[in-house]
Amino acid sequence: MEKCFHCGDSCETSISLQDKYFCCHGCQTVFEILNENNLTYYYDLEQNPGITPSRFEGKFDFLKETSIANKLLEFSEQETHIVNLLIPSIHCSSCIWVLEHLGKLNSGIIHSQVNFPEKTVRIHFNPALLSLFDLVQLLARLGYEPYISLEDDNKARKHKDRSLIYKLGVAGFAFGNIMFLSFPEYFEVNEFWLERFKHVFRWLMFAFSVPVVFYAGWGYFDSAFKGLRSKIINIDVPIALGIGVLFIRSTMEVALDLGTGFFDSLAGLVFFLLLGKFFQQKTYAYLSFERDYKSYFPLAVTQLIKDNSATSKIEKQTQIRDLRPGDRILIRNGELIPVDAILISGNAFIDYSFVTGEAQPVGKKSGDSLFAGGRQEGGSIELEVVQAVAQSYLTQLWSSDVFGKEKATIFQSLTDQISKRFTVVVLSIAMLSLIFWLWYAPAQALNVFTAVLIVACPCAIALAAPFTLGNLLRYFGTYKLYLKNAEVIERMAQLNTLVFDKTGTLTTSEKNRITYQGVDLSDEEQSLLTSTLRSSNHPLSRSLYQWLKGNDIYTLDDFHEEIGQGVSGAKNEQRIYAGSYPFVNQSQESTTPIKEQNTTRVHIANEEHYKGYYNFYSEYRSGLKTTAKALTQYEIIVLSGDNDSEQELLSKLLPEKVHYYFNQRPEDKLNFIKNLQKQGKKVLMMGDGLNDAGALAQSDIGIALSEDINVFSPACDGILDASGFDLLPNFLALSRKGIQIIKYAFLFSLFYNLIGLGFAITGHLKPVVAAILMPLSSISIVVFTTLFTYAVTRKLKKQNDPTK
């Protein structure tokens, strides 16, 4: 009976493919996927790798216990479980490919995303089709055994890989000793005892070089081999080739007594390569720390604090990083739940599309658990915090491919193209140089060949964009502009059209003057109106709520909001409407309100009668006139859902060429942005992250302006604190400067490579000098981009006080 090629089980009903037998269609599918993507070397790892190795049998049985498995889950709703697993064996691009295509191996896996620096994989899976135990077993069979610690998960994830430091130490120690032993050869000292023991010195140098090649530098061979096996020529191919050639050439010279070899160059090459890698690793880790833990975007929630002197609770805006277990928070309609919590009161309908990608609201009752990342669809709800969630978790959700704007970035594509072609060009130059020198001066041929392979490196080119944009991200965060990723800066530099919402963007909701005109509201109607407004996050609703919140607050029986139109709430068979006049004028007796200029109005009605309206005398943001004047190189458009009563006032604050469009519903704003883009314009939209979500998502750059409220939306590309609104011209200017810096860095890197290749091809570049210059090129690019970004941001620091 035939054995299954994949798992090794007996094939009772054998399925054949390419002269191989499989016990089932599942094993056949795995083989086909690996075969189609040139990953069949997976079967070289061990015989029958598809079967669970004996060392794994019973190891993860504890995951069969539901209560234990649930402790490892980050999310568990709507037939979607999410787990983040530490995989220490992730080490190359092939690993990333396999782990991010797990869905092809098992239909129960919805999505998987690898965090390569942290060596973790976040997996979305359907528990009805695949249990956590089966998922872990699958990973183990693939050679990616997860490290699971139930005792202290945080400490487990903070485990540091110090192998690079050990390799750097070995290479540095060997390099120093080999250089010391080589001094007599350098200076051609003919002293008797040195001449007599020179063979001992040479073999000692060989002994020192063995751990350098087979331990410190082995990673380059491993990466190059895996790349070639996957039909990918990566940058480690010429490096591994240079190390191999140097070692073999040097060993032959010592063995045949032809000379001392190039062991010093070999050790120096590996040492400086590892030093450059260590420097890059530390810099990337620093930028990552800045992004995930220090550059907090302004995501605040309403915390409810018990007031012993009053029956009601005090509402206070609190940053999510300051929340602790046991705190009570208020979540309004459309707001994101930023923490794991328990529902205390209110009617909860939670939309988890931010996490799962599917908009199917789930009803919850008091006492139910709610996961971070859900969005409330309905009235306001009160929650008790169970576990504070790190902001980096929300950042990862925000950066998910589900919400990505599929727009190729110029420098990313250019960097990729250069990196792909660079190795082929360098190998071609090296081979042509070798052929020429074999004909012209054979003794120098190998030196020239290795020097070319060592000195030419695309690493500096590849580092230019991420380091420049990464530094700009950090500077922007200092002034409270938090962007989704570095690519947003590239798109900011290409903008030519700026579109602003009026209410809550050009105006401030903190200083509105409000008056009421109409029929007086009863105490019950005022309480119902206040409770209804409390559930809405629209800037006008929040302003009016702050003005009315002295009235009693209670939980509504029903709440409804039409984005951009109005809200309605019901309690004890009474209903009230607040919003635009068409919205509240729903088949009741109406009185046409008196027209009044220069005001924004919120109309009020119950189910029977039109009551009246609140006049909002808006105050525009300080510095609006100066800010707009600094943006005259762009086409500026004001797109508002309000009437045109304030156009005359706006025209005095904004430049003459500004275009105004009023009475725009959310869908009108979305279509307006689409029409601008059809005209070839690059559009920035700034508005309310919730009410303008469609327009923000459609625009090339969508910025939500935060005024100490929870406006976080996956649709936007960035969130700007309202206090930094007047810095918008600086942000746009810095984006353009950043792109110029990247272009200069590209030229600098290309110039370095051309100069280095010139010396190498002509035989004037010693391998050890090239070994020093190669990592220095990467370091110089990092220093160059850092200093230039610092220089262009000095004006911003001088002009603005970051503490204001």
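The values are calculated or read from the model by the stated rules, or taken from the named source; none is laboratory data. These numbers come from a predicted model, not from an experiment. As a convention, Cβ positions derive from the backbone with ideal geometry for all residues, glycine included, and neighbour counts pool all protein chains shown. Surface areas here come from the heavy atoms of the whole protein model, side chains and all, with no ligands, DNA or RNA. Shrake-Rupley method; radii C 1.70, N 1.55, O 1.52, S 1.80 Å.
Worth pointing out:
- Among the residues listed as ASN447, ASN471, the single one being farther than 30 Å from PRO729 by Cβ, surrounded by 19 or more Cβ atoms within 10 Å (Cβ to Cβ) and either at pLDDT below 75 or not aliphatic (A, V, I, L, M) (or both): ASN447
- If only residues of region 348-361 that are modelled with pLDDT of 80 or more and crowded, with 20+ Cβ neighbours inside 10 Å are counted, the one that is farthest from GLU382 (Cα to Cα) is ILE350.
- Among the candidates ARG328, ARG291, residue that is surrounded by 15 or more Cβ atoms within 10 Å (Cβ to Cβ), basic (Lys, Arg) and either modelled with pLDDT under 80 or within 30 Å of VAL782 (Cβ to Cβ) (or both): ARG291
- Listed by first and then second residue, the pairs linking a residue in region 600-627 that is within 18 Å of GLY641 (Cβ to Cβ) and of a type in the set (S, T, N, Q) to a residue that is in a loop (DSSP other than H, G, I, E, B) and open to solvent by less than 30 Å² (accessible area, probe 1.4 Å), with Cβ atoms under 7 Å apart and 6 or more places separating them unless they lie on different chains, are THR600/ASP642; ASN615/THR599.
- Subset of region 656-697 (residues that are more than 19 Å from SER580 (Cα to Cα) and among the aromatic types (Phe, Trp, Tyr)): TYR660, PHE672
- Boolean, ASP721 is closer than 30 Å to GLU562 by Cβ, within 24 Å of the chain's Cα centre (by Cα) and at pLDDT below 80: no
For (1) assigned to a strand (DSSP E or B); (2) polar (S, T, N, Q); (3) at pLDDT below 80, each residue gets a yes or a no:
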residue	(1), (2), (3)
ILE82	yes, no, no
ARG122	yes, no, no
GLY143	no, no, yes
VAL170	no, no, no
